[in-house]
């Protein structure tokens, strides 16, 4: 009978792959819109616990919302204003930075500086500011709407919905990851700024802020953040100072990633190093700059989703870090499926 017809398993796999491919291509070609929207959604989810914390402290919901939104607006406006002024000064200062020809490997250092100067997106500064303003107000509106969205979902699916519970668990894990990541990045930023003040390197606060932001990109973020101040130290004090500053960056990175981050999480990223590294570039290709920052949590969400199904659990295990944590996840999934 027609009702007994079933799609063969291999056809189902092909359909799934085709759908995934279509979604990836769609995200790729709409990345200029999708990227900022996703990032603003993620930032809003991270800020949401602060609103709930204010409410638990005895403040009314409306007052908690007002304090949260005013804080976001003030912080966002301050950061945007600081970046506009600092970047304008930096664009004027960088072309004058040169490394003395008497310095060791000066030719290569000057070539790097020239490359950076030639690729500074001066013409896109207005676009960057407009994106920043869009994200600022998007975050404000989303933070205001999130509690209402939660209520709507609970009313629609019910508080006992397994799907909704799992979605909330994923969101909580996402928040936990970014809160811990933010704490580690604060260590990065403050430590780098303090060291640069000691070295008397120009734009120390800007480099610290850059380190804080790029710290969300695993492994390569801190390397990218170290390049500008190391070049400034090279031009100002010579190759020895640049090497010392580079070593300081390595020390700070080692302390943060090998001690502080695992201690705060009680574990690692639950992803293999290779998957973390590749996911950053894959999501960067799909979503543009936004993908570099949210690629890891997006991949963690995918891994969590793959663990739900027997057919894809092996893939989640390969992408995961392995060990006891994977076993625990399997047990949790099996308990949920029972």
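Being closer than 30 Å to residue 202 by Cα and modelled with pLDDT of 80 or more is true of residue 292.
Restrict the check to segment 210-226 and report whether at least one residue is over 22 Å from the mean Cα position of the chain (by Cα), farther than 28 Å from residue 53 by Cβ and assigned to a helix (DSSP H, G or I). Quick ask: steps written out before the conclusion?
Of segment 210-226, the ones over 22 Å from the mean Cα position of the chain (by Cα) are none.
Among the residues of segment 210-226, not one is over 22 Å from the mean Cα position of the chain (by Cα), farther than 28 Å from residue 53 by Cβ and assigned to a helix (DSSP H, G or I), which makes the answer no.
Candidates 35, 76, 71: the one that is closer than 26 Å to residue 177 by Cβ, without any contact (Cβ under 8 Å) to a residue 40 or more places away in the chain and in a helix (DSSP H, G or I) is 71. Taking the conditions exactly as written (closer than 18 Å to residue 301 by Cβ, at pLDDT 80 or above and in a helix (DSSP H, G or I)), does residue 180 satisfy them or not? Judged against the criteria, residue 180 is a match. Right, residue 238: over 14 Å from the mean Cα position of the chain (by Cα) and touching a residue at least 24 places away in the same chain (Cβ under 8 Å) or not? Yes; evaluated as a whole, the condition is true for this residue. Taking the criterion of being modelled with pLDDT of 80 or more, surrounded by 14 or more Cβ atoms within 10 Å (Cβ to Cβ) and over 28 Å from residue 295 (Cα atoms), the residues of segment 35-93 that qualify are 54, 55, 59, 64, 65, 66, 67.
The values are calculated or read from the model by the stated rules, or taken from the named source; none is laboratory data. Because the structure is predicted, anything quoted here is derived from the model rather than measured. Here Cβ is always computed from backbone atoms with ideal geometry, including for glycine, and neighbour counts include all displayed protein chains.
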